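The values are calculated or read from the model by the stated rules, or taken from the named source; none is laboratory data. Everything numeric here is computed off the predicted structure, so don't read it as measured data. Note that each Cβ is placed from the backbone with ideal geometry, even for glycine, and that neighbours are counted across all protein chains shown.
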Amino acid sequence: MTRILGIDPGSQRTGIGIIDALPDGRCVHVFHTALHLLDNETFHLRLKQIYDEVGEIVETHRPTEVAIERVFMARNPDSALKLGQARGAAIVAVVGKGLALTEYAPKEVKQAVVGSGSSDKTQIQHMVGVLLSLPGKLQADAADALAIALTHAHTRASLTRLGIPRTAWRRR
């Protein structure tokens with residue numbers, strides 16, 4: 001079994017999702033949440049909250065691998081910079097714990113989970129719920145994080161079936 005932590009970084013909410021990828025190819029839901037960051041007085045405190053809470057989640061759930069969404073180019077440069085800083089806080093939290101990290105573009109995640117790289121958030125929420133047998137509607141950021149973890153699980157399984165060593169195929 002491989003425990004995978006998926007992270008959907010954001011400067012207002014950061015999605016967290018953890019699944020277990022079983023040897024038979026099934027994925028089982030372990031945990032999900034959205035870190036709500038807007039209660040902090042400053043942006044710097046938001047980054048600290050991401051760092052602290054991701055670190056606590058790693059300690060509690062002990063994932064063996066981590067997948068995170070790659071930054072896409074936003075229309076607003078300030079938003080893109082804040083997103084990059086939030087992503088950096090999450091990355092430092094997991095890399096500081098000695099975990100391997102793989103990055104996925106938003107379109108890759110949508111393609112892997114929904115089957116279309118142009119799907120919307122409601123489609124991702126629905127498919128994540130179906131794939132993990134979760135009742136009710138998931139919070140959007142948490143659903144995205146679980147989708148990132150599922151993408152990583154499916155990619156790992158495909159590489160194994162193809163006989164490609166994980167170290168030979170590494171997203172940067």
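Scanning region 40-64 for residues that are modelled with pLDDT of 95 or more and of a type in the set (D, E, K, R), we see that the one that is surrounded by the fewest Cβ atoms within 10 Å (Cβ to Cβ) is GLU59. The single condition from (1) surrounded by 14 or more Cβ atoms within 10 Å (Cβ to Cβ); (2) more than 19 Å from VAL66 (Cα to Cα); (3) of a type in the set (S, T, N, Q) that SER116 fails is (1). When LEU5, LEU22, LEU83 are checked against the criterion of being surrounded by 17 or more Cβ atoms within 10 Å (Cβ to Cβ), more than 11 Å from the chain's Cα centre (by Cα) and either under 27 Å from PRO135 (Cβ atoms) or of a type outside the set (S, T, N, Q) (or both), a single residue qualifies: LEU83.
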